[in-house]
Amino acid sequence: MKKHLLAIIATSVLISNTVSATVKVGLGFDQGFGVTAQFNDINAFIGDDGIAGDYIFKRGSFGEDVPLNWYVGGGAFVGWDNGFGVRVPLGLNMAFNSKWDGYFQVYPELDFDHGNNSDTKFSADLSIGVRYRF
């Protein structure tokens, strides 16, 4: 009985969070050109060079007079060329109206290549895109 009660409570929490979720989908450049999506605090990207996912753990604003908001996250990526790694996106977000927003982020990354040319390298990259909120 306790297991059933725990399952019911967990399911109701997930459903209540999903109903109030913010979902955005758009186009951008990150791991090449591709599709970007945001589900609450999770950013995802699927492009022609790879995929990436980030969790945004801190958000803020520059004040009421400035239309930009900032965020910091942590995530990972997988490149189609045998590379994978971790990254820390530092981004800016700007809402154009109630449905459209744009973002720009710079992310330092630690790339672990595997295969015949195994290598670990530290670099920085950027991404940019626009999204529509449903």
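Structure above, values below:
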| quantity | calculated |
| --- | --- |
| Residue that is farthest from residue 113 (Cα to Cα), among those in the range 42-52 that are in contact (Cβ under 8 Å) with a residue 24 or more places away in the chain and under 10 Å from the mean Cα position of the chain (by Cα) | 43 |
| Candidates 132, 103 - the one that is aromatic (Phe, Trp, Tyr) and under 13 Å from the mean Cα position of the chain (by Cα) | 103 |
| Residue among 132, 71, 55 that alone is out of contact with any His (no Cβ under 9 Å at 6 or more places or on another chain), touching a residue at least 40 places away in the same chain (Cβ under 8 Å) and of a type in the set (Phe, Trp, Tyr) | 132 |
| Lone qualifier among 77, 57 - being more than 19 Å from residue 112 (Cα to Cα) and not small (Gly, Ala, Ser) | 57 |
| Residue in the range 114-128 that is under 17 Å from residue 25 (Cα atoms) and not hydroxyl-bearing (Ser, Thr, Tyr) present | yes |
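Each row is one residue, and each column tells you yes or no for (1) charged (D, E, K, R); (2) closer than 27 Å to residue 122 by Cα.
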site	(1), (2)
28	no, yes
39	no, no
42	no, yes
45	no, yes
49	yes, yes
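Computed from the coordinates by the stated procedures, all read-outs in this text should not be read as laboratory data. On a predicted model such as this, the values are computed, not experimentally measured, just so you know. Note that we place each Cβ from the backbone using ideal geometry, even for glycine, and neighbour counts take in every protein chain shown.
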